[in-house]
Amino acid sequence: MSEDLVTAKQALRAEIRDRRRVMPQHERDEATTKLTEHLKNLVAARGVKRLSCYLATPSEPETRPFLSWAYDNGIEVLLPVSRDDGLLDWAIANDSPDENVGLYGIPEPTGELIGPIAINDVDLIIVPASAVDKKGVRMGWGRGYFDKTLGSMGKRPPVYALVFDSEYVDSLPQEVHDQPVTGVVTPSALITF
């Protein structure tokens, strides 16, 4: 792995963190409303009955309104729980889950864990990202949890990343382990590659 590539990704992540940190609340609220509508449309169009998503951190595009809609519509939702070994466990959350703070300050459900391979049975995967490019390259936050999960799946359902509009870019630095996504959801658009 090139040191220049690692440095470029770190600089881009820092820039994105800074932009997210200063985003006005009214812009964040408007983005949440639009993202939620796009996600609902995606689920309806694909006939999704079981999906995996995540509980957003305060700086990420908010997922909770979408999750509430999914629970209310009988869609089974798996939420990730980070493990020390770099893998993700999953918990089923069929109504608003209790949350606690897990590794790296990430919100996680408190429900019963059902193991890393539970994700193999979902119809759709919604992942966090710092940015996505027009070829479907997803850049996470550098810990590799979702890349490991997606890379270990033999048969993978569609994978969509959630980002703000400015984080859908022309191109991103890419490493061998970076797993592509099927599409991206921004406040302005639902894009399938």
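The values are calculated or read from the model by the stated rules, or taken from the named source; none is laboratory data. The shown structure was predicted, so the numbers you read here are calculated from the model rather than taken from an experiment. Cβ sites come from the backbone with ideal geometry, for glycine too, and all protein chains shown count toward neighbours. Each accessible area value is taken on the protein alone, full model and side chains, heavy atoms only, with ligands, DNA and RNA left out. Shrake-Rupley method; radii C 1.70, N 1.55, O 1.52, S 1.80 Å.
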Loop GluC sites (Glu not before Pro), the range 21-124, which have at most 10 other Cβ atoms in a 10 Å radius of their Cβ (DSSP): E112
For the range 111-155, projected area of the alpha-carbon convex hull averaged over all directions, nm²: 4.2 nm²
Cα-only Debye scattering, the range 89-193: base-10 log of I(q)/I(0) at q = 0.12, 0.19 Å⁻¹: -0.44, -1.06
Length gained when the stretch L113-R143 is fully extended (0.36 nm per residue, less Cα-Cα span): 8.7 nm
Potential lengthening between S188 and D29 on full extension [0.36 nm per residue; Cα-Cα distance subtracted]: 55.9 nm
Spatially proximal lysines relative to K9 (Cα-Cα < 23 Å; intrachain offsets below 8 disregarded): K134, K135, K148
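Only four residue types carry charge here, +1 at the Cβ of Lys and Arg and -1 at the Cβ of Asp and Glu. Report the dipole size of the chain about the Cα centre in Debye, rounded to the nearest 20.
440 debye
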Estimated 222 nm signal from helices in the chain, with DSSP H stretches of n ≥ 4 weighted -39500 (n - 2.57), rounded to 500: -9500 deg cm²/dmol
Cα gyration tensor, the range 146-189 - rounded (a/c under 1.5), prolate or oblate: oblate
Centre separation in Å (Cα based) which lies between the range 140-159 and the range 13-87: 17 Å
Order of exposure, largest accessible area first, which applies to H26, H38, H177 with probe 1.4 Å: H26, H177, H38
The range 43-62 residues near the modelled I92 label - backbone nitrogen below 12 Å, point 7 Å along Cα→Cβ: 50-51
Cα gyration tensor shape of the chain, rounded if a/c is under 1.5, else prolate or oblate by comparing a/b with b/c: rounded
Shape category assigned to the range 74-125 from the gyration tensor of Cα positions, a/c cut at 1.5: oblate
Ordering of 4-14, 143-153 by packing [mean C-beta count within 10 Å, highest first]: 143-153, 4-14
Listed residues R21, R138 arranged by accessible area, highest first, probe 1.4 Å: R21, R138
